[in-house]
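A.B. asks: Here's a structure for you.
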There are 2 protein chains.
Amino acid sequence: MVIRPYAYGIWERMQQGVDRRIKEAGAENAYFPLLIPESYLSREAEHVEGFSPELAVVTHAGGEQLAEPVVIRPTSETIIGEYMAKWIQSYRDLPLLLNQWANVVRWELRPRVFLRTTEFLWQEGHCAHATKQDASDYAEQILHDVYADFMRTELAMSVVEGRKTRRERFAGAINTMTCEAMMGDGKSLQMGTSHELGQNFARAFDMTYLDANGDQQLAWTTSWGVSTRMMGGLFMCHGDDRGLVVPPRIASIEVAVMVVRDDDAGSVTEAARALTASLSDAGVRVRLDDAVSTAFGRRATNWELKGVPIRVEMGPRDLEGGVVTFVRRDLDGKRECPIDGLAVMIRAQLDEMQLAMFARSEQRRLDATVRTGSIAEAVEVASTGFAEIPYALLGEAGEDELARSAMTVRCLIRPDGSLPLSDDEPDTVAVVARSY
Amino acid sequence: MVIRPYAYGIWERMQQGVDRRIKEAGAENAYFPLLIPESYLSREAEHVEGFSPELAVVTHAGGEQLAEPVVIRPTSETIIGEYMAKWIQSYRDLPLLLNQWANVVRWELRPRVFLRTTEFLWQEGHCAHATKQDASDYAEQILHDVYADFMRTELAMSVVEGRKTRRERFAGAINTMTCEAMMGDGKSLQMGTSHELGQNFARAFDMTYLDANGDQQLAWTTSWGVSTRMMGGLFMCHGDDRGLVVPPRIASIEVAVMVVRDDDAGSVTEAARALTASLSDAGVRVRLDDAVSTAFGRRATNWELKGVPIRVEMGPRDLEGGVVTFVRRDLDGKRECPIDGLAVMIRAQLDEMQLAMFARSEQRRLDATVRTGSIAEAVEVASTGFAEIPYALLGEAGEDELARSAMTVRCLIRPDGSLPLSDDEPDTVAVVARSY
């Protein structure tokens with residue numbers, strides 16, 4: 001996967017939005033090695049079993065064969081666990097809340113750009129807590145206050161917060177929580193996960209602490225991550241037949257100011273440049289497109305394809321009339337607007353577009369979500385959207401049956417849509433869908 | 001290498017300072033794969049020869065032996081060259097100015113923390129230009145406007161901008177320019193480099209473009225980078241016997257507000273908390289240390305060791321008198337200051353400390369730099385600092401002789417200290433030193 005500047009600008013804004021919320025949740029950034037001794041992974045049995053098929057292994061380095069091969073991190077629970085165990089001595093060291101922005105490698109036989117790539121970029125939080133309750137609360141806080149809030153507020157995406165079934169859990173976790181989003185085609189995409197790891201990794205890495213009574217205790221750990229996969233989600237949630245539609249808050253370019261064509265004096269370009277500067281001064285992320293040697297239609301299509309939220313077009317006639325032509329990417333049609341006061345109007349339109357995109361995403365998910373009362377009905381519904389079905393009607397056998405239709409339980413929710421806090425809640429509802 | 005949160009906070013600020021300047025220089029961030037087919041590296045003969053001994057090689061992945069081994073990028077000229085060649089068609093696509101923040105691996109047999117680690121974090125710029133002159137100008141712009149400016153302004157480090165001799169060049173470059181800084185012990189550290197790659201990589205990757213006349217031309221490329229090695233430089237330049245001294249502009253914590261001890265009513269902690277909030281509101285990066293159950297001396301030593309620029313100490317007696325005790329990390333002694341107006345005073349002290357640290361770094365380098373007239377004299381001087389010697393007195397044979405004393409020509413400068421613009425300038429002066 002190569003991420004070109006336009007997409008990377010979106011990723012940078014995603015990083016900023018997530019990083020700010022992670023810091024507000026009290027975690028600090030750190031960095032751990034890319035290469036992990038193979039023996040570390042083997043210490044947690046389910047973990048190594050889950051990741052072994054996807055590992056990239058370095059056997060030679062510095063011109064020699066290595067005594068112990070090292071693997072490129074597929075995720076960093078093990079290497080970070082090794083160090084956290086050294087740093088945690090007493091209950092005063094807890095919670096230890098770390099996050100890392102990094103690349104990871106999971107060898108993919110069927111890669112799909114942004115969604116399933118051999119290498120991807122992500123953040124991975126790794127935390128140690130004193131009690132099961134602390135760990136559970138923090139994992140939930142990250143899911144809700146960091147991930148779901150970021151996705152709704154900045155990505156303008158409607159997401160379901162739920163709990164994975166046993167079979168869909170992260171390798172080594174006792175609970176995996178997820179944000180699932182509906183793509184334009186009704187399929188689901190797992191946008192981010194937050195795991196309670198119980199004491200599995202603490203035991204494997206001897207992560208113990210002295211409590212207030214001087215007794216030795218095993219820590220409880222959590223891990224959580226979102227990745228460049230969110231870009232795939234963003235594009236497939238909001239995109240249409242003409243290309244991407246990028247929500248203003250995450251767009252690296254909010255407004256493209258286009259010179260349609262110039263007069264001999266160059267006065268349109270001059271006016272467009274002045275307008276660009278005034279928008280920039282007003283805090284709008286704006287780009288001037290004065291490449292008049294390229295056909296206007298081709299340039300306009302390019303901005304449309306890239307999903308830039310607002311296009312402002314200016315030609316000789318507009319300039320005479322003191323107006324510009326204005327196109328919002330998420331609406332049909334063009335409008336004429338006076339140049340005077342344009343910055344204020346644009347700021348308002350960007351805010352409105354952000355909210356409108358979220359509202360449409362929310363509405364589409366609600367419209368394409370249907371409560372069902374049998375597996376057959378759920379399979380029918382989930383061919384075009386999300387089917388809800390009481391988990392009691394499914395069970396693990398029902399999950400097997402769904403798998404035969406290439407469907408899965410994306411997550412469990414309560415009847416009121418909220419997050420179940422244990423595996424044993426009786427009335428949970430399964431959200432069934434096809435997925436990427 | 002593990003980077004813990006305190007150091008990573010410094011790295012984040014370094015990234016911000018460098019990234020802002022890179023964007024001002026017109027380059028855009030992008031991301032390219034970590035894993036490079038071995039065959040890519042072999043296309044540029046000097047490049048592969050230079051990096052082969054340090055490569056980490058992935059031979060197995062996804063449970064199988066790979067048909068062609070891939071290497072972990074030691075640097076990305078080859079993989080980025082492969083893509084740039086696809087993207088460049090006409091002179092209108094030039095210059096193509098890309099930058100990547102990434103990790104790289106160069107297998108080190110004698111690692112040294114922050115200075116020479118098997119994996120390190122860096123930014124690597126990779127650009128293609130239409131002419132040799134454009135490439136040369138841009139490489140120099142990056143060295144001066146991005147790197148040297150950042151190091152002087154934010155790291156408070158005096159650096160020499162110079163040109164490497166032929167033997168010290170980057171593998172595959174026709175010119176390497178460098179920023180060299182003097183550490184506390186008089187040794188030199190290469191803090192960042194900017195390379196003209198001529199047409200070597202353009203030829204290897206078939207990076208051609210149609211010029212304005214419709215003729216096919218080979219592009220000229222540049223590459224440039226700074227890394228987590230700058231952290232080693234920062235610590236070894238400014239540190240003293242009591243630990244780090246971090247310049248305010250790069251410090252993740254500028255001020256530590258310490259509760260010395262509290263009274264029964266908890267009024268000191270309360271006042272310290274209010275002071276911390278008021279400093280934070282004034283835009284100061286401040287941390288409250290109210291861990292009174294740990295001995296005060298131990299906590300004070302910890303902040304000193306970490307090099308936090310200003311320590312504000314508050315005890316019951318200070319509070320009564322409406323004062324605090326104030327310690328600037330780069331000066332001896334404590335001062336008493338009224339609490340009223342403290343934020344303004346602290347802002348001024350931080351600014352002053354930043355400039356004072358640069359001035360001391362500059363003065364130390366000038367004091368420990370001596371013009372010499374023979375190789376023997378240069379070797380004598382360079383045992384404790386920088387020796388300057390006309391390169392005409394050295395030549396490649398002289399460089400061999402220096403190597404026997406574990407010294408190198410760090411860079412060539414003009415007699416007036418400025419950067420030589422070609423290999424052929426007659427009066428260049430060699431800066432000779434030991435180095436890390």
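A.B. asks: Can you tell me which condition B:Asn103 does not meet? The list is (1) touching a residue at least 24 places away in the same chain (Cβ under 8 Å); (2) assigned to a strand (DSSP E or B); (3) over 18 Å from B:Met14 (Cβ atoms), and all the others hold.
C.D. replies: Unmet condition: (3).
A.B. asks: Test A:Ala406 against the criterion of being part of a helix (DSSP H, G or I) and among the aliphatic types (A, V, I, L, M), and give yes or no.
C.D. replies: On the way: part of a helix (DSSP H, G or I): no; among the aliphatic types (A, V, I, L, M): yes.
Against the criterion (part of a helix (DSSP H, G or I) and among the aliphatic types (A, V, I, L, M)), A:Ala406 does not qualify.
A.B. asks: Hey, another quick one. What are the residues in the stretch B:30-47 that are touching a residue at least 40 places away in the same chain (Cβ under 8 Å) and either within 13 Å of another protein chain (Cβ to nearest Cβ) or crowded, with 17+ Cβ neighbours inside 10 Å (or both), if any?
C.D. replies: The initial filter retains those residues of the stretch B:30-47 that are touching a residue at least 40 places away in the same chain (Cβ under 8 Å), namely B:30-34, B:36, B:40, B:43-44, B:46-47.
Residues satisfying the conditions are B:Ala30, B:Tyr31, B:Phe32, B:Pro33, B:Leu34, B:Ile36, B:Tyr40, B:Arg43, B:Glu44, B:His47.
A.B. asks: Return yes or no: is A:Arg167 in contact with a Ser or Thr (Cβ under 9 Å, 6 or more places away or on another chain) and modelled with pLDDT under 95? Steps first, answer last, please.
C.D. replies: Values: in contact with a Ser or Thr (Cβ under 9 Å, 6 or more places away or on another chain): yes; modelled with pLDDT under 95: yes.
Judged against the criteria, A:Arg167 is a match.
A.B. asks: Then there is this: Condition first: farther than 19 Å from A:Tyr8 by Cβ, of a type in the set (A, V, I, L, M, F, W, C) and more than 10 Å from chain A (Cβ to nearest Cβ). Can you find one or more residues in the stretch B:14-29 that meet it? Let's see the steps before the verdict.
C.D. replies: We begin by selecting, within the stretch B:14-29, every residue farther than 19 Å from A:Tyr8 by Cβ; these are B:14, B:17.
In the following step, the residues that additionally are of a type in the set (A, V, I, L, M, F, W, C) were identified as B:14.
Filter again for more than 10 Å from chain A (Cβ to nearest Cβ), leaving B:14.
Checking the stretch B:14-29: at least one residue is farther than 19 Å from A:Tyr8 by Cβ, of a type in the set (A, V, I, L, M, F, W, C) and more than 10 Å from chain A (Cβ to nearest Cβ).
A.B. asks: Looking only at the stretch B:290-307, count every residue that is of a type in the set (Gly, Ala, Ser), farther than 16 Å from A:Ser90 by Cβ and not in a helix (DSSP H, G or I) and tell me the total.
C.D. replies: Taking the stretch B:290-307 as the starting set, the residues that turn out to be of a type in the set (Gly, Ala, Ser) are B:291, B:293, B:295, B:297, B:300, B:307.
Right, trim to farther than 16 Å from A:Ser90 by Cβ and you get B:297, B:300, B:307.
Now narrow it down to the ones that are not in a helix (DSSP H, G or I): B:307.
Residues flagged as of a type in the set (Gly, Ala, Ser), farther than 16 Å from A:Ser90 by Cβ and not in a helix (DSSP H, G or I) within the stretch B:290-307 amount to 1.
A.B. asks: Suppose we keep only residues that are charged (D, E, K, R) and over 21 Å from B:Arg242 (Cα atoms) within the stretch B:290-325. Which one would you say is surrounded by the most Cβ atoms within 10 Å (Cβ to Cβ)?
C.D. replies: Applying the filter and picking the extreme gives B:Asp318.
A.B. asks: Separate question: Please find, among B:Glu399, B:Glu362, B:Glu388, the residue that is more than 28 Å from B:Leu155 (Cβ to Cβ) and under 26 Å from the mean Cα position of the chain (by Cα). Give the derivation first.
C.D. replies: Values: B:Glu362 fails: more than 28 Å from B:Leu155 (Cβ to Cβ); B:Glu388 fails: more than 28 Å from B:Leu155 (Cβ to Cβ).
Answer to the check: B:Glu399.
A.B. asks: List, please: which pairs have Cβ atoms under 6 Å, are six or more places apart or on different chains, and start with a residue in the stretch A:252-276 that is small (Gly, Ala, Ser) and end with one that is assigned to a helix (DSSP H, G or I)?
C.D. replies: A:Ser252/A:Gly9; A:Ser252/A:Ile10; A:Ala256/A:Trp303; A:Ala271/A:Leu319
A.B. asks: Here is a follow-up. What do you reckon, is B:Leu66 outside any loop (DSSP other than H, G, I, E, B), within 13 Å of chain A (Cβ to nearest Cβ), in contact with a strand residue (DSSP E or B) (Cβ under 8 Å, 6 or more places away or on another chain) and without any contact (Cβ under 8 Å) to a residue 40 or more places away in the chain?
C.D. replies: On the way: outside any loop (DSSP other than H, G, I, E, B): yes; within 13 Å of chain A (Cβ to nearest Cβ): yes; in contact with a strand residue (DSSP E or B) (Cβ under 8 Å, 6 or more places away or on another chain): yes; without any contact (Cβ under 8 Å) to a residue 40 or more places away in the chain: yes.
Yes; evaluated as a whole, the condition is true for this residue.
A.B. asks: Here are the criteria: (1) without any contact (Cβ under 8 Å) to a residue 60 or more places away in the chain; (2) assigned to a loop (DSSP other than H, G, I, E, B). Tell me which single one A:Leu393 does not satisfy.
C.D. replies: (2)
A.B. asks: Check off (1) at the interface with chain B (Cβ under 9 Å from one of its Cβ atoms); (2) crowded, with 17+ Cβ neighbours inside 10 Å; (3) closer than 23 Å to B:Gln100 by Cβ; (4) in contact with a helix residue (DSSP H, G or I) (Cβ under 9 Å, 6 or more places away or on another chain) for A:Ala56 and give me the number that stays unchecked.
C.D. replies: With respect to (1) at the interface with chain B (Cβ under 9 Å from one of its Cβ atoms); (2) crowded, with 17+ Cβ neighbours inside 10 Å; (3) closer than 23 Å to B:Gln100 by Cβ; (4) in contact with a helix residue (DSSP H, G or I) (Cβ under 9 Å, 6 or more places away or on another chain), A:Ala56 is out only on (4).
A.B. asks: Is it true that A:Thr59 is closer than 21 Å to B:Glu64 by Cα, under 20 Å from the mean Cα position of the chain (by Cα) and either touching a residue at least 12 places away in the same chain (Cβ under 8 Å) or assigned by TED's automatic domain parsing to the domain that holds A:Ala219 (or both)? It would help to see each step written out before you state the result.
C.D. replies: Details: closer than 21 Å to B:Glu64 by Cα: yes; under 20 Å from the mean Cα position of the chain (by Cα): no; either touching a residue at least 12 places away in the same chain (Cβ under 8 Å) or assigned by TED's automatic domain parsing to the domain that holds A:Ala219 (or both): yes.
In short, no.
Matching residues to (1) closer than 23 Å to A:Leu234 by Cα; (2) not in a helix (DSSP H, G or I):
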position	(1), (2)
A:Phe326	no, yes
A:Met345	no, no
A:Gln349	yes, no
A:Glu352	yes, no
A:Leu355	yes, no
A:Phe358	yes, no
A:Ser361	yes, no
A:Gly373	no, yes
A:Val379	no, no
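A.B. asks: Could you check B:Arg287 against (1) crowded, with 20+ Cβ neighbours inside 10 Å; (2) assigned to a strand (DSSP E or B) and say which number it fails?
C.D. replies: Looking at each condition in turn, B:Arg287 falls short on (1).
A.B. asks: Moving on. Given the criterion in contact with a Gly (Cβ under 9 Å, 6 or more places away or on another chain), at pLDDT below 95, of a type outside the set (A, V, I, L, M, F, W, C) and not in a strand (DSSP E or B), identify the matching residue among A:Asp318, A:Asp340, A:Asp332. If you could, list the steps in order and put the result at the bottom.
C.D. replies: Numbers: A:Asp318 fails: in contact with a Gly (Cβ under 9 Å, 6 or more places away or on another chain); A:Asp332 fails: in contact with a Gly (Cβ under 9 Å, 6 or more places away or on another chain).
Just a single option satisfies the conditions, and that option is A:Asp340.
A.B. asks: Please specify each residue of the stretch B:1-13 satisfying the condition of being of a type in the set (Phe, Trp, Tyr) and either at the interface with chain A (Cβ under 7 Å from one of its Cβ atoms) or over 19 Å from the mean Cα position of the chain (by Cα) (or both).
C.D. replies: B:Tyr8
A.B. asks: Any chance you could count how many residues in the stretch B:284-297 are within 28 Å of the chain's Cα centre (by Cα) and free of Cβ contacts under 8 Å to residues at least 40 places away in the same chain?
C.D. replies: Of the residues in the stretch B:284-297, the ones within 28 Å of the chain's Cα centre (by Cα) are B:284-287.
Next, from what is left, pick out any that are free of Cβ contacts under 8 Å to residues at least 40 places away in the same chain: B:285-287.
Counting residues in the stretch B:284-297 that are within 28 Å of the chain's Cα centre (by Cα) and free of Cβ contacts under 8 Å to residues at least 40 places away in the same chain gives 3.
A.B. asks: Also, quick follow-up: Among the candidates B:Ala387, B:Ala382, single out the residue that is over 16 Å from B:Thr165 (Cα atoms), in contact (Cβ under 8 Å) with a residue 12 or more places away in the chain and surrounded by 14 or more Cβ atoms within 10 Å (Cβ to Cβ). If you could, list the steps in order and put the result at the bottom.
C.D. replies: Working: B:Ala387 fails: over 16 Å from B:Thr165 (Cα atoms).
Matching residue, one of B:Ala387, B:Ala382: B:Ala382.
A.B. asks: Hey, among A:Ala392, A:Ala406, which residue is surrounded by fewer than 21 Cβ atoms within 10 Å (Cβ to Cβ) and either on the phi > 0 side of the Ramachandran plot or touching a Leu at 6+ places or on another chain (Cβ under 6 Å) (or both)? Break it down stepwise before answering.
C.D. replies: Working: A:Ala392 fails: either on the phi > 0 side of the Ramachandran plot or touching a Leu at 6+ places or on another chain (Cβ under 6 Å) (or both).
Result of the check over A:Ala392, A:Ala406: A:Ala406.
A.B. asks: B:Ala128: closer than 29 Å to B:Met230 by Cβ, touching a residue at least 24 places away in the same chain (Cβ under 8 Å) and assigned by TED's automatic domain parsing to the domain that holds B:Leu41, yes or no?
C.D. replies: Here the answer is yes, as B:Ala128 does meet what is asked.
A.B. asks: Looking at the structure I just gave you, is A:Gly243 surrounded by fewer than 23 Cβ atoms within 10 Å (Cβ to Cβ) and not assigned by TED's automatic domain parsing to the domain that holds A:Phe120?
C.D. replies: Values: surrounded by fewer than 23 Cβ atoms within 10 Å (Cβ to Cβ): yes; not assigned by TED's automatic domain parsing to the domain that holds A:Phe120: yes.
Judged against the criteria, A:Gly243 is a match.
A.B. asks: Checking the condition within 19 Å of the chain's Cα centre (by Cα), among the charged types (D, E, K, R) and surrounded by fewer than 22 Cβ atoms within 10 Å (Cβ to Cβ), which residue from A:Glu108, A:Glu124 passes? Write out each step before concluding.
C.D. replies: On the way: A:Glu108 fails: within 19 Å of the chain's Cα centre (by Cα).
One residue alone meets the criteria, A:Glu124.
The values are calculated or read from the model by the stated rules, or taken from the named source; none is laboratory data. Keep in mind that this is a model prediction, so the values were computed, not measured. Positions of Cβ are backbone-derived with ideal geometry, glycine not excepted, and every protein chain shown enters the neighbour counts.
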